[in-house]
Structures are given as structure tokens and as C-alpha cells.
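Worksheet: the structure to be examined is printed underneath.
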Amino acid sequence: MKVKKSGGAGAGAAARTEEELGRKALIGPDDVLGLQRVTSDYLCTPEENVYKIDFTRFKIRDMESGTVLFEITKPAASEREHNDKKDIDPNAGRFVRYQFTPAFLRLRQVGATVEFTVGDKPINNFRMIERHYFRDQLLKSFDFEFGFCIPSSKNTCEHIYEFPQLSEDLIREMILHPYETQSDSFYFVDNKLVMHNKADYSYSGGP
């Protein structure tokens, strides 16, 4: 299993709007690094994932204590296709809602283990940029390199998230307003956007 720390992201990128990117034929890393707020829609379609990248397991743990904070495993794509109905939402699986306790906002370092499979094409320069916002304020931009993935492989990688220190006022607002903290996860192969997932977060300790 590979363990990777986030690189710097966002410095020097020209400001971009979601509307601008929606008119582009090809969206690259610098484009999403220029976004000033969370997107309202997806910037690519599921069909653009021509490499058949499929995330099958995800685990979040506190690096200091080792405590597992969240874990989910889903069936392989072939099993899901067998069980899926024809009228299923094409964006199903692209959005996750997280529910954490207030203590999560005081963690300094979190490890996120992802397990994923790829189709019959080799993947070069697989990269993820993940941007977290509270309302229209960018909290942190993370940038991870997965590297090369061989065809028809299962891969596991742990990304280390180093969280910024938040003010007490901001922490209080984030707790009082669940799901107004949101993130965009953009996945690139050879600097072309091929996947876009979204999430929102509650830190109130309940649904």
C-alpha cells in the first residue's frame, strides 16, 4: 500500500468560474485550482471515466490515535451492474454525505485509505485534487498523485490529510450549520478531468 502526503495546491492558479469550465472541451488541474467556491453541478459525466476507475473501499482514520472514523465498502462494478435497475440515477455513487462529531474539526492529521480497480487501459499520471469549502470560503485544497496504474488492477493507497488550524468562531459556525461544509474531488489522467465526486459534511454528531 502506498502512503502519500498532500502536495501544495492552488498557488498561482487564475480564478475560474464553474460557468467558464462548463464551456471547455477539456478541463485540467489548473482550471479547478482556480475555482473560488464549491461547484453546483458535476464538471464531467460518468461516461468520461473511460478508464473504468471504480472506488470500492474507503476508510478514514485519525493518524494520532489510529481510531477508524469512517469506513465503507461497496460491491465491485460487475456485481452492481447485475443488480442495478434500468432507471438508476447516473450520478449514484458520485456523492457522499459524512456525519462526524465536533471533535473531528480539531484533528491535525487524518489518513484516508482508498481501494480502487481500473479497467483494461493503463493509467498514467493519475491525480486527485480535492477542495473543501465552508459556504464560499476555501478551507483547504489537497493535491495527491496516484502515479501509474497497470490495466485490470486493484490498487490501495493511503492519503495523508494535514488539516489547517481553524478559528474557534469558524469551528462553531461549521458545527451549527451541518452540510454547509462541502467538497469537490476532481480526478485527472494525463491532466484531463475524467471523474468528479462531491461530498458534504456535518460535525454536529448526529443526522
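Quick rundown of the values:
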quantity	calculated
Leading residue by the ranking (nearest to GLY111 (Cα to Cα)) among those in region 41-90 that are in a loop (DSSP other than H, G, I, E, B), at pLDDT below 95 and among the aliphatic types (A, V, I, L, M)	ALA76
Pair list, Cβ < 8 Å and 6+ apart or interchain, from region 91-102 residues that are outside any loop (DSSP other than H, G, I, E, B) to residues that are among the small types (Gly, Ala, Ser) and surrounded by fewer than 15 Cβ atoms within 10 Å (Cβ to Cβ)	GLN99/GLY205; GLN99/GLY206; PRO102/GLY205
Cβ-Cβ under 6 Å pairs, at least 6 apart or on other chains, region 113-140 side in a strand (DSSP E or B), far side of a type in the set (A, V, I, L, M) and open to solvent by 10 Å² or more (accessible area, probe 1.4 Å)	ILE129/ALA9; HIS132/LEU139; TYR133/VAL38
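One line per residue, one yes/no per condition, for (1) of a type in the set (Val, Ile, Thr); (2) modelled with pLDDT of 95 or more; (3) buried (at least 18 other Cβ atoms within 10 Å of the Cβ):
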| position | (1), (2), (3) |
| --- | --- |
| GLY147 | no, no, no |
| PRO151 | no, yes, no |
| ILE171 | yes, yes, no |
| TYR179 | no, yes, no |
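The values are calculated or read from the model by the stated rules, or taken from the named source; none is laboratory data. In this text, all values refer to a predicted model and were calculated from it rather than measured experimentally. Cβ sites come from the backbone with ideal geometry, for glycine too, and all protein chains shown count toward neighbours. For accessibility, only protein heavy atoms count, side chains too; no ligands or nucleic acids. Shrake-Rupley method; radii C 1.70, N 1.55, O 1.52, S 1.80 Å.
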